[in-house]
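Written out below as structure tokens is the structure these notes cover.
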Amino acid sequence: MLNEKPVMSIRNLLLRYGEGCPSCRGSLEKNRCAVCKTVWAVNDISLDVYPGEVLGIVGESGSGKSTLMRSLYFDFTPTSGCATLRDYKEGQKNIWDASSAERRMIKNTIMGMVYQNPILGLRMNYSAASNIAEKLIGAGSRHAGQMTLRAAELLEAVEIQTSRMCEAPKNFSGGMQQRVQISKALANRPALLLLDEVTTGLDLSVQAKVLDLIRKIKARYGMSILLVSHDLAVIRMLADRTVVMLDGKIVESGLTDQILEDPQHEYTQQLVHSLI
């Protein structure tokens, strides 16, 4: 796998809130400068996502993992750094240098995003089918009948009855809203699926259904997945490799089994101990 060309490569990604100062190098309290108060939300992150793998990102709240994900989906603009996609300009151009039209193309065809809060990923007053159609239209689809068939196919894939495809997500449970988000993200068969804390706030039984759905999606579509969670149990279930984030930085990375069996960093050891 590691001999293949990555689906996505990220190098030296930095996102800070504040101008920074010389003292930032040596006086950060967690990820905040004690002198100028600059917050280093994502601090020099580099990683690769390979074809067909699930790469997990685990860390406590405030570690920068969701900021990283939303930067990749153009919700936030990084201070500096580079990210390339195999399917965009042959992996030779930084996605953050892309034009507005190119960014829309990337979001609609190469990547799919599922947010922790479904309100960020869905139009709650539109029907479930219309949410999916919006993604299809963004990629150039114009045939209403074909879009309806595709919406029905995707909703069936996430175990939502097609009899409810004309209902608005605001009428659905939290677990169903997440499944509609997943179906929308899959609409144009993206090469990379971004999943940001997709089980947080759900009941345990609903969490289990969503996690099982993600496993089925990976088996069925073979896409790469970047999976963010604060829960190492979720990472253990789904991820092939894992990176551990703390205070905006990667403190450990490796095969998930290796990290679980022989964690090296003190913070990772605490995470693993909490899982036992």
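The values are calculated or read from the model by the stated rules, or taken from the named source; none is laboratory data. The structure presented is a predicted model; accordingly, all values stated were derived computationally and were not measured. In this analysis, Cβ positions are derived from the backbone assuming ideal geometry, glycine residues included, and neighbour counts consider all displayed protein chains. Ligands, DNA and RNA are stripped out before the accessible areas are found, and what is left, the full protein with its side chains, is counted by its heavy atoms. Shrake-Rupley method; radii C 1.70, N 1.55, O 1.52, S 1.80 Å.
Criterion applied to Met176, Met237 was being surrounded by 19 or more Cβ atoms within 10 Å (Cβ to Cβ) and not β-branched (Val, Ile, Thr), and the one residue passing it is Met176.
Of all residues assigned to the range 9-18, at least one qualifies as being under 19 Å from Ile235 (Cβ atoms), modelled with pLDDT of 95 or more and either surrounded by 19 or more Cβ atoms within 10 Å (Cβ to Cβ) or among the aliphatic types (A, V, I, L, M) (or both). Restricting the range 87-103 to residues that are within 20 Å of Leu13 (Cα to Cα) and of a type in the set (A, V, I, L, M, F, W, C), the residue that is most open to solvent (accessible area, probe 1.4 Å) is Trp96.
Listed by first and then second residue, the pairs linking a residue in the range 56-67 that is among the hydrophobic types (A, V, I, L, M, F, W, C) to a residue that is open to solvent by 30 Å² or more (accessible area, probe 1.4 Å), with Cβ atoms under 7 Å apart and 6 or more places separating them unless they lie on different chains, are Val58/His230. Are any of the residues in the range 221-228 aliphatic (A, V, I, L, M), open to solvent by 10 Å² or more (accessible area, probe 1.4 Å), touching a strand residue (DSSP E or B) at 6+ places or on another chain (Cβ under 6 Å) and under 24 Å from Ser71 (Cβ atoms)? Yes, that holds for at least one residue.
Just one of the listed residues (Ile182, Ile106) is open to solvent by less than 10 Å² (accessible area, probe 1.4 Å), out of contact with any Ser or Thr (no Cβ under 7 Å at 6 or more places or on another chain) and at pLDDT 95 or above, namely Ile106.
Assess whether Leu155 counts as being of a type in the set (A, V, I, L, M, F, W, C), touching a residue at least 60 places away in the same chain (Cβ under 8 Å) and out of contact with any Cys (no Cβ under 8 Å at 6 or more places or on another chain). Considered against the rule, which asks whether it is of a type in the set (A, V, I, L, M, F, W, C), touching a residue at least 60 places away in the same chain (Cβ under 8 Å) and out of contact with any Cys (no Cβ under 8 Å at 6 or more places or on another chain), Leu155 comes out as no. Is it the case, given these coordinates, that Lys170 is open to solvent by 10 Å² or more (accessible area, probe 1.4 Å), touching a residue at least 24 places away in the same chain (Cβ under 8 Å) and in contact with a Lys or Arg (Cβ under 7 Å, 6 or more places away or on another chain)? Spelling it out, it is not the case that Lys170 is open to solvent by 10 Å² or more (accessible area, probe 1.4 Å), touching a residue at least 24 places away in the same chain (Cβ under 8 Å) and in contact with a Lys or Arg (Cβ under 7 Å, 6 or more places away or on another chain). Considering (1) free of Cβ contacts under 8 Å to residues at least 40 places away in the same chain; (2) over 29 Å from Asp48 (Cα atoms); (3) out of contact with any Gly (no Cβ under 7 Å at 6 or more places or on another chain), the lone condition that Asp212 does not fulfil carries the number (2). The condition (being touching a strand residue (DSSP E or B) at 6+ places or on another chain (Cβ under 8 Å) and buried (at least 23 other Cβ atoms within 10 Å of the Cβ)) is satisfied by just one residue among Ile259, Ile217, Ile250: Ile259.
Taking Ile45, is it open to solvent by less than 40 Å² (accessible area, probe 1.4 Å), without any contact (Cβ under 8 Å) to a residue 40 or more places away in the chain and either of a type in the set (Val, Ile, Thr) or assigned to a helix (DSSP H, G or I) (or both)?
no
Of the candidates Leu122, Leu68, the single residue that is closer than 25 Å to Gly248 by Cα and modelled with pLDDT of 95 or more is Leu68.
The residue that is most open to solvent (accessible area, probe 1.4 Å), counting only those in the range 111-167 that are farther than 28 Å from Gly201 by Cβ and among the basic types (Lys, Arg), is Arg142.
In the range 58-68, is there at least one residue being closer than 26 Å to Ser229 by Cβ, assigned to a strand (DSSP E or B) and under 14 Å from the mean Cα position of the chain (by Cα)?
The initial filter retains those residues of the range 58-68 that are closer than 26 Å to Ser229 by Cβ, namely 58-68.
Within this subset, residues satisfying the condition of being assigned to a strand (DSSP E or B) are 58.
Within this subset, residues satisfying the condition of being under 14 Å from the mean Cα position of the chain (by Cα) are 58.
Yes, because at least one residue in the range 58-68 is closer than 26 Å to Ser229 by Cβ, assigned to a strand (DSSP E or B) and under 14 Å from the mean Cα position of the chain (by Cα).
Out of Ser100, Ser71, one residue alone is within 30 Å of Glu19 (Cβ to Cβ), of a type in the set (S, T, N, Q) and within 15 Å of the chain's Cα centre (by Cα). It is Ser71.
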